[in-house]
Amino acid sequence: MSASAEGNARAAGYTPHPYVGGRTAALRALAAWRMRWPGAPRVIVLTGNPGSGRSRLLTGFLMMCDPEYRKQLPIDDLDPATVPPDLPAPAVPSAAGRTAAQVLWLLADHFELAAGRTEDVFAELAAREEPVTIVVPDVDQAGPVRAAEEATRVVREVLTPLAATETVQLLADVPRELATELAGALPASQVQVIDLDAPEWADPKGLVLHAETALDAGSGAPELPYTTDPAARRALAEALAARAAGSRLTVQLAVQSLLMAPEGFDPADASQLPTSVGEALDLHARRLGADPQTLRLMLAPLAFAEGDGLPVQLLGTLANAVAGRDMSQDLADGMLLAAPFVQPVEPSSEDDEDGTGEDGTGEDGTGEDAEAGAGDGDGRTLLRLMHPALAEEIRSGLPDVRDTQTRIAMALLEEVPQQDWAQADPYIRDHLAAHTLEAGLLPQLLTDPGLFAHADPVTLRAAIEAVPLEQLGAPARTYLRTAPLLTRSQASATLRAAFLESAFVEDGLAPYAEALHTRGFRLPWRTLWSVPLAGVRAVTTGSVAATGEDGTAVSRSVAALLVPEGTPGSRTLPAAADGAVAPQDGTGAADGTAAGEDAGAVNEDGAAAAGGRTALLLHDLRAPEYVDADPSQVVQPSEEDRAAAPLGFSRGADYLRVWARADRRMVAALVSDSPVADADLSPDGVLVVATERGVTARQILVAAPPAAPSVPAQRTGTTDADASHGLEGDHS
């Protein structure tokens, strides 16, 4: 295939693709790939300079691959060699804004794979009898955080293994710096690189047609001499294409500039036609009598914007921060100046940021609205630049990108009322970490547990993972190990806070756990203690006689833990003590009562079933300390006591639900990042859960919570350093 195909197609009288307007050579290569034509490669890597039209080409090709959409195209009038066969649509997991893991699991969901690990996805695809077709667009826009360089991870962790899977027919739109790496991982016979800026794939006539169509008054352009007169329109289109050096984006920006503000434009003056994206900016500013640097400063906040775009309310604040002066008058007078390069964005409503279900019930089961706002899906106006290459041009013209990001981060932080993240603008809450990452300040920001709970966990996790682990403080490392649970559960802000509260206690960071109880959350529990015991087989709650400080006999609430024999502090029960302590399964009955004899007795007779000799370890139910007492004297609550308790629970392999017996209302939902070995709920509402990580006790807090004990200093786990007075100051 070569660019000569363009002329041949036109000579044959074929209609150009109505959306692409050319690119015959590339479309022929893609069609041959789709129909698995003999000699066609199994993998195509599509690349080119930013603004070369990769996305447009891929979109036009996918229009013809979709059985429903192709019915709207003049298929019979197109070059037959550019039209793919009428087959089921390929899988198209867009990488835009997504992590490598998200792209991979989109594929797993699409093909309904049973994979539980990433490597299983590739293995299951390789085992399929029929080949699968996958198109991955927008790899250059991968990741929720620009500075995290997620595109590299998508190529290495997703595309390269996919390309190596013989049953996968792959087409990927990849930045040039990564295209060679991806193609180099395969035998030359299996892969083809289509570089839209290379001579064999160039389409200068298509670029002229692109400009001519954009200038046509019949297509919506205002009536001007060079939009209504076909000859003048053609001459200007040819001049624009000749100056643009093959860049579709340069032509697009030039046309938008002269159509939005035609004053002072002379189509006969070639010096008014840009040769690059940067020149399109500067020529537009000069033609309108403005300083090009002022235009760039006005657009700079959008060049650094994360996510879907920047809320218009923050534009002035960030423009002032970037410029180091008051830009309000420039912005007020500069709407026409900036208009050709900016587009409004309809906020995405895909994600239910507040974590509430369709029935309005929060995921914590309390029926309360989550504290997290509606994110950028709350109807606000967002702005973004017309193309990522425009953002790169503006950023490259600044003297110090890191210093600019520092100014932006500080300005955003000052917009948080009293450092209360519940009141923060959703953009600030979700994307401040991304700005501080590029500024080199992210570790200093990661000291406020309120931010951990309120921020979008996908975005915050991506930003933190981009920082070397040794640079992170203890709270950030706790967040990082908890983040997979937060993203997997799609928890509300309240439930995120609850999960983090337990994680902080598990890691010996009690002050951070306590801080979450002061941030306005109505948490479903207070974590009382956590011990990193491995191999706990069963747990149950009860009481045991003990001696008080004054020497009198007292009854002490305890958690009895069935552990491997030899665990320090444990005692082996005599065989005669049959049935002394029976663990509560929580799964045996719908009301959370004991599972009867299926639960087994916690004694030596149960050792064989448990997989080895076992012993009992007694732990205070409410305090982080063990109890030295005779395990055979443990008294469990009676069936009557449990039936009269206000709360019941049920559990699955890695989750538990606690509900009020009176009205069956769920008051707490716990999801674990490791399988639940056993659990029990005391009559007074202390939930003890054993997992592979250890054992944790939580006081369940209902509508009228009991007086909550303070979290004492933890016996296990240490804090690497004192809480840092980070970027936002000391709020813990």
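Structure above, values below:
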item: Theoretical FRET efficiency, 1/(1+(r/R0)^6), r = Cβ-Cβ of D333 and H110, R0 45 Å, to 0.05; result: 0.35
item: Charge context of M64, other residues only, Cβ under 11 angstrom, K/R +1, D/E -1; result: +1
item: Amide N of the range 450-492 lying under 11 Å from the label point, which is placed 7 angstrom from the Cα of Q418 along Cα→Cβ; result: none
item: The range 52-118, dipole about Cα centre (Lys/Arg Cβ +1, Asp/Glu Cβ -1), debye to the nearest 20; result: 420 debye
item: Extension gain (nm, one decimal) between A217 and R613, 0.36 nm per residue minus Cα-Cα; result: 133.9 nm
item: Qualifying GluC sites (Glu not before Pro) for the range 232-280 [loop in DSSP, other Cβ within 10 Å: at most 12]; result: E263
item: K71 accessible area, 1.4 Å probe, all protein chains in place, Å² to nearest 10; result: 150 Å²
item: Using a Förster distance of 41 Å, the FRET efficiency for Q190-R488 (Cβ separation, nearest 0.05); result: 0.70
item: Full-stretch length increase - T118, R234 - with 0.36 nm per residue and alpha-carbon distance subtracted; result: 36.5 nm
item: Environment charge at Q141 (Cβ cut-off 10 Å; Lys +1, Arg +1, Asp -1, Glu -1); result: -2
item: Residue-count net charge about Y226 - beta-carbon cut-off 11 Å; Lys, Arg +1, Asp, Glu -1; result: -3
item: Spin-label pair D86/R70, simplified geometry with 7 Å Cα→Cβ offset, distance in nm; result: 0.8 nm
item: FRET efficiency, A623 to E149 (Cβ-Cβ, R0 60 Å, nearest 0.05); result: 0.80
item: Length added when fully stretched, S396-D641, from 0.36 nm per residue minus Cα-Cα; result: 81.2 nm
item: Other-chain or far-sequence residues with amide H under 5 Å of D138's (modelled H); result: D173
item: Magnitude of the charge dipole, the range 39-167, Cβ model with Lys/Arg +1 and Asp/Glu -1, debye to 20; result: 460 debye
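The values are calculated or read from the model by the stated rules, or taken from the named source; none is laboratory data. Keep in mind it's a predicted model, so treat the numbers as computed, not measured. All Cβ positions, glycine included, derive from the backbone under ideal geometry; neighbour counts span all protein chains shown. These accessible areas exclude ligands, DNA and RNA; they are computed on the full protein's heavy atoms, side chains included. Shrake-Rupley method; radii C 1.70, N 1.55, O 1.52, S 1.80 Å.
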